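Structure first, then comments.
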Amino acid sequence: MHPHINIMGKYFGTDGFRGEANVDLTVEHAYKVGRYLGYYFGKAKTDGERARVVIGKDTRRSSYMFEYSLVSGLTASGADVFLMHVTPTPSVSYIVRTDEFDCGIMISASHNPFYDNGIKVINSQGAKIDAGLEQEIEDYIDGIIPELPLAQREHIGRTVDYSMGRNRYIGYLMTIPTRSFKNIKVGLDCANGAASTVAKAVFDALGAKTYVINREPDGTNINTNCGSTHIEALQEFVLANNLDVGFAYDGDADRCFAVDEKGQVIDGDAILYICGKYLKEKNMLNHNTVVTTIMSNMGLYKAFDAEGINYEKTTVGDKYVFECMVNNDFILGGEQSGHIIFSKNARTGDGVLTSLKLMEVMVERKSSMSELTRGLKIYPQLLKNLRVTSKPEVAADQDVQAVKKEIEAQLGEDGRILLRESGTEPVIRVMVEAESDELCKKYVNQMVQVIDSKGYIL
């Protein structure tokens, strides 16, 4: 099994079909995804109507290759294709919904290195397509579904430049903040990715003094020592230029980390704290609840308890956060990794939107970004990934469970231990939060030792 491919579906994992370009994910795969989607949405149409599909991409070298092979497949199946070019994942989700496309496709591997890529299919509501359709696409790729008819003559699809879609999304973002950002010095790290085409324009239009780094994509520098996965670049930039705040996005701009004026990192948990508290104060936090995943820091839960804010915990993955939000009518949720969902405005994590929401709190409260995190004490956390022979066996092992119970008893209210199976590789994640780094290390090692002593570690 190649470590990039998710084992949930054969090709489609929690975040689309992802892998190394031309190794795991090839142009033939992309062509077949296009062929099947064009056929699938086309067969539901009445006479004379065509399936309409919109495509966005990030700045990876291979994104052009996949864009053209998807277009070939879609148009050969009779669909019309609209190209948004380099644009954030959430912009495709927005345009699919507002311009009534049958589906959208984003070509990106998010925060992965430049040589990986992915195909993410978005349904007409702007959310992830259902597993049934993913399975059909996989069956077609594997030849289980017989060859599909090719469109002929006037039924062959066409390709349309749709950069206006990206401009409409930029326009939409500009309407969200209720106040001007005049005279606020803001740093933006665009990760040499999709935010490069959007973020500065939005902040400039809202009146901020905008300083930008990593906005020169060359096809291979996306996420390289920049963006939300390498926040130190922005920390230095904010301090060196005496900025009020900084925001860093990942390659496809669906997540955001902030840096306060002191150079401190504000991760997804801190963003949920700031926005959750603000929404509660304004009586706008539906059901007084914020949705988190089990990886959120216990410091966040203690801070929410102190503020009287309720929270839900889901499995890791923004798709699960969104499901929980939709099913319960919650409006704020997200992950520690900076995937934050404001369901009144978007169906997915949206990095630029998240930065605008944080700016709004800062402007409304007339306070510095560092003051907004007062009351939140993040506990030290240590995470170790162990490659193991069998994830289920480790999880079910009685000795492993006994040691876990023992550690839980010793940590009590002041820490926690988590054993989690990776969704994508033969890995068990051991995570401990405690009051000091030493305690984290002690308990993680204790857990690793017992797993090792039973011969599970590869």
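Which FRET efficiency value, to the nearest 0.05, is calculated for GLU413 and VAL326 with the Förster distance at 35 angstrom and r the Cβ-Cβ distance?
Given R0 = 35 Å and the Cβ-Cβ separation, E is 0.60.
Using alpha carbon centroids, what distance separates the stretch 355-406 and the stretch 238-315, in Å?
One Cα centre to the other: 12 Å.
At what distance in nm do the modelled label points of ASN283 and ASN242 sit from each other, each positioned 7 Å from its Cα along Cα→Cβ?
For the pair ASN283/ASN242, the computed spacing is 4.2 nm.
Could you please rank ASP80, ASP329, ASP204, placing first whichever residue has the fewest other Cβ atoms within 10 Å of its Cβ?
Result, fewest neighbours first: ASP329, ASP204, ASP80.
Assign one of three labels to the chain, namely rounded, prolate or oblate, based on the Cα gyration tensor with a ≥ b ≥ c the square roots of its eigenvalues; rounded applies when a/c is under 1.5, prolate when it is not and a/b is larger than b/c, and oblate otherwise.
It is oblate, given that a/c is not under 1.5 and a/b is not larger than b/c.
Using a 7 Å offset from the Cα along the Cα-to-Cβ direction at both SER453 and ASP142, what is the distance between the two label points in nm, to one decimal?
Computed distance between label sites SER453 and ASP142 equals 4.2 nm.
Express in whole angstrom the spacing between the alpha-carbon centres of the stretch 317-343 and the stretch 208-225.
Between the Cα centre of the stretch 317-343 and that of the stretch 208-225, the gap is 27 Å.
Between TYR115 and LYS182, what length in nm is gained on full extension when 0.36 nm per residue of separation is reduced by their alpha carbon distance?
20.2 nm
Counting alpha carbon pairs within less than 8 Å and at least 6 residues apart, what relative contact order, in whole percent, applies to the stretch 191-317?
Taking the mean separation of contacting Cα pairs over the length of the stretch 191-317, I get 18 percent.
LYS405: which lysines have alpha carbons under 20 Å from its alpha carbon, excluding same-chain residues fewer than 8 sequence positions away?
LYS384, LYS391, LYS441, LYS442, LYS454
What are the lysines whose alpha-carbon lies under 20 Å from the alpha-carbon of LYS120, with same-chain residues fewer than 8 places away excluded?
Qualifying lysines at Cα under 20 Å: LYS10, LYS32, LYS57, LYS128, LYS319.
So which of LYS200/LYS277; LYS282/LYS313; LYS209/LYS262; LYS280/LYS377 end up more than 21 Å apart by C-alpha?
Exceeds cut-off: LYS200/LYS277; LYS282/LYS313.
Mind checking the dipole of the chain: about its Cα centre, +1 per Lys or Arg Cβ, -1 per Asp or Glu Cβ, Debye to the nearest 20?
Result for the chain is approximately 900 debye, rounded to the nearest 20.
Measure off 7 Å from each Cα along the Cα-to-Cβ vector at VAL23 and MET164, then give the distance between these two points in nanometres to one decimal.
Between VAL23 and MET164, the label points sit 4.2 nm apart.
Please report the relative contact order for the stretch 174-230, taking Cα pairs under 8 Å with a sequence separation of at least 6, and give it as a percent rounded to a whole number. If you can, show how the numbers build up before the last one.
On the way: 87 pairs, mean separation 23.9, N = 57.
It rounds to 42 percent for the stretch 174-230.
What number, in percent, do you get for the relative contact order of the stretch 104-262 if the mean sequence gap of Cα pairs under 8 Å and at least 6 apart is divided by its residue count?
Averaging sequence separation for qualifying contacts and normalising by length gives 23 percent for the stretch 104-262.
Subtract the Cα-Cα distance of SER368 and GLU435 from 0.36 nm times their separation in residues, and report this length gain in nm to one decimal.
Additional length available on full extension: 21.4 nm.
Within the chain, which complete DSSP H helices have Cα atoms spanning at least 18 Å along the helix axis and a mean Kyte-Doolittle hydropathy of 0.0 or higher?
Details: long enough: 27-42 (22 Å, -0.29); 63-76 (19 Å, 0.62); 163-175 (19 Å, -0.41); 268-281 (20 Å, 0.19); 351-365 (21 Å, 0.70); 398-411 (20 Å, -0.61); 437-453 (24 Å, -0.33).
Span-like helices, by this rule, are 63-76, 268-281, 351-365.
Using the Cβ atoms and a cut-off under 10 Å, what net charge is assigned to the surroundings of PHE257, where Lys and Arg are +1 and Asp and Glu are -1?
-2
Readers should treat all values here as calculations from the given coordinates under stated rules, not as data from a laboratory. Bear in mind the structure is a predicted one, so any value in this text is a computation, not a measurement. Ideal geometry is used to build each Cβ from the backbone, glycine not excepted, and the neighbour counts take in all protein chains shown.
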